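In what follows, a single structure is set out as structure tokens and then discussed.
The values are calculated or read from the model by the stated rules, or taken from the named source; none is laboratory data. Keep in mind it's a predicted model, so treat the numbers as computed, not measured. Every residue, glycine as well, gets a Cβ built from its backbone with ideal geometry; the counts of neighbours run over all protein chains shown.
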Amino acid sequence: MSTQTQRMTGRETLDLAFAQLTDVLPGRAARWLAWLRSPKAIWLRIPAGLLCIAAAAFWFMPIIGIEWLPVGLLLLAEDVPFLRKPVGKLILFLLARWRRLQLWWRARRR
């Protein structure tokens with residue numbers, strides 16, 4: 001983790017995580033995520049976040065997986081200040097791991 005990320009506020013860390021996630025997502029999903037971040041979507045964001053976290057508890061079932069936990073935390077972190085920095089750092093960490101995995105996969109296929 002860089003020192004720049006450590007000095008950022010919770011809101012800045014979360015905004016950076018959302019920006020990097022938006023760059024990785026396909027266009028339609030990125031627009032949906034941007035809409036969910038808007039203030040008018042709070043009525044959907046909080047229940048959807050709680051539902052995603054609850055769904056992650058059923059990770060052992062087909063279709064539903066543990067990947068819903070960071071999604072739910074990300075949605076809740078928008079409205080719960082003490083979650084912003086840790087969730088932002090978690091998303092940034094997961095995105096960095098995703099990029100490393102992509103590079104490894106491309107190098108392996110050559």
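Quick grid of which residues meet (1) modelled with pLDDT of 90 or more; (2) β-branched (Val, Ile, Thr):
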| residue | (1), (2) |
| --- | --- |
| 3 | no, yes |
| 8 | no, no |
| 12 | yes, no |
| 16 | yes, no |
| 20 | yes, no |
| 25 | no, no |
| 41 | yes, no |
| 46 | yes, yes |
| 49 | yes, no |
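For the range 93-104, state whether one or more residues are in contact with a Leu (Cβ under 7 Å, 6 or more places away or on another chain) and at pLDDT below 90.
No, the range 93-104 has no match at all.
Residue 89: buried (at least 19 other Cβ atoms within 10 Å of the Cβ), closer than 21 Å to residue 11 by Cβ and either of a type in the set (Lys, Arg) or more than 12 Å from the chain's Cα centre (by Cα) (or both), yes or no?
It is true that residue 89 is buried (at least 19 other Cβ atoms within 10 Å of the Cβ), closer than 21 Å to residue 11 by Cβ and either of a type in the set (Lys, Arg) or more than 12 Å from the chain's Cα centre (by Cα) (or both).
Determine whether the range 74-84 contains at least one residue that is part of a helix (DSSP H, G or I), among the aliphatic types (A, V, I, L, M) and exposed (fewer than 13 other Cβ atoms within 10 Å of the Cβ).
No, the range 74-84 contains no residue that is part of a helix (DSSP H, G or I), among the aliphatic types (A, V, I, L, M) and exposed (fewer than 13 other Cβ atoms within 10 Å of the Cβ).
So residue 66 clears everything in (1) surrounded by 12 or more Cβ atoms within 10 Å (Cβ to Cβ); (2) modelled with pLDDT under 90; (3) over 21 Å from residue 96 (Cβ atoms) except one condition, right? Which one?
The number of the failed condition is (3).
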